[in-house]
1. So what are segment 25-300's ellipsoid semi-axes, whole angstrom, largest first, if each one is the square root of 5 times an eigenvalue of the alpha-carbon gyration tensor?
2. So who's got an amide H within less than 5 Å of the one on Ser39, skipping anything under 5 residues away but keeping other chains? H placed 1.01 Å off N, in plane.
3. Once amide H atoms are built 1.01 Å from N in the peptide plane, which residues 5 or more positions from Val230, or in another chain, come under 5 Å H to H?
4. Given a 10 angstrom Cα cut-off, can you work out which residue in Arg51, Arg16, Arg283 is the most mobile in a GNM of the chain?
5. Pick from Ser182, Ser114, Ser215: which residue has the top mean-square fluctuation in a GNM of the chain where Cα pairs under 10 Å get a spring?
6. Output ³J(HN,Hα) for segment 45-52: one whole-Hz value per residue in order, computed from phi by the Karplus curve 6.51 cos²θ - 1.76 cosθ + 1.60 with θ = phi - 60°, and x for Gly and Pro.
7. Work out from phi, with θ = phi - 60° and the Karplus expression 6.51 cos²θ - 1.76 cosθ + 1.60, the ³J(HN,Hα) of each residue of segment 29-36, listed in order in whole Hz, and give x for Gly and Pro.
8. Using the Karplus curve 6.51 cos²θ - 1.76 cosθ + 1.60 with θ = phi - 60°, what ³J(HN,Hα) values do you get for each residue of segment 198-203, in whole Hz, with x for Gly and Pro?
Amino acid sequence: MSLFRPDRFVTLCAARPVACLLGSRLAETLPVLMYHSISDDPETGVGAYYRVATSPGRFAEQMQWIADAGYRAVTLQDGMKALADGNLPTRRLVAVTFDDGFRDFHKAAWPVLSRHKFSATMYLPTGYIQHERKTFLNRQCMTWAEVRELRREGIQFGSHTVNHPKLYTLSWSNIEQELLRSKQQIDNELGETISSFAYPFAFPQEDSGFTEKLSDLLYRCGYASCATTVIGRMGQGDDPLWVHRLPVNQCDDRALFLAKLRGWYDWLGNVQWTARRVRSRIRHTRRLETSDPPNLAQSHKSL
Ligand SMILES: [Zn+2]
């Protein structure tokens, strides 16, 4: 039932044989999976790569594939610690992360994780997590009571801002507010200090001026890790404020899912980087040609 997708074709027909020939860095790298909604949303008209829903049945299969391959799913914090300590080769860990705080994590994902004695990290846009049920992107979100219940079960929580804005379009003072207020609210609700953040929307990796200032700001706000949409696995010595992840959804069948764990999907990170650089150059050239004021660059210099 999987749709044809070029990234799957290249991964299985080119990257896999080359990686098998050269050997891989499997032992020293941490795959960090990126999920959003665990639901039966068909996402009609959305391309396979861009989908954010995984059905409960497919999610259960994917967790079983992890177990069958001898891996264990853990929080990003635990995965990063094992990577830093050099314990990954013996422990075979996969970090599983979820963005957006949807209620379906509590209803559909947690029972599966629990059955396997797995854990995960969930990033909350705190403006949508309340004591009464709220919705975000037409999906129900968890309540604070559910968040606390899952925390007691070992789920790690992090910030995904307050309002889930495109941070790149905000002034630095507004970005700072999004980082600080969301963290304070989670700290208060959970009675502990959290230190994980996930960047909403596509991470502007091509703008080194922005990403460097963002890293400084995250650090000053008390964050120790930032999960991004940059594709790839995390290696020893990689910047914890720039965590690469592997997007996963309903269209990831067993072959593609296991290929991602083994690093055969990492090639797409280079394509992603090049494509974003080229698009950025084209935008910059057009701005110069039309003499538009560089509004974003100026707003980001205001910190
Ligand atoms: Zn999000």
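We did not get these values from a lab; they are worked out from the coordinates using the rules stated. This is a predicted model, so every value here is computed, not measured. Quick reminder, even Gly has a Cβ in these numbers, built from the backbone with ideal geometry, and neighbours come from all protein chains shown.
1. 28, 23, 19
2. Under 5 Å from the amide H of Ser39 lie the amide H atoms of Thr54, Ser55, each far enough along the sequence or on another chain.
3. Under 5 Å from the amide H of Val230: Phe203, Arg245.
4. Arg283
5. Ser114
6. Result, ordered by residue: x, 9, x, 4, 5, 8, 5, 10 Hz.
7. 10, 10, x, 10, 7, 10, 10, 10
8. These are the phi-based 3J(HN,Hα) values: 10, 6, x, 6, 5, 6 Hz.
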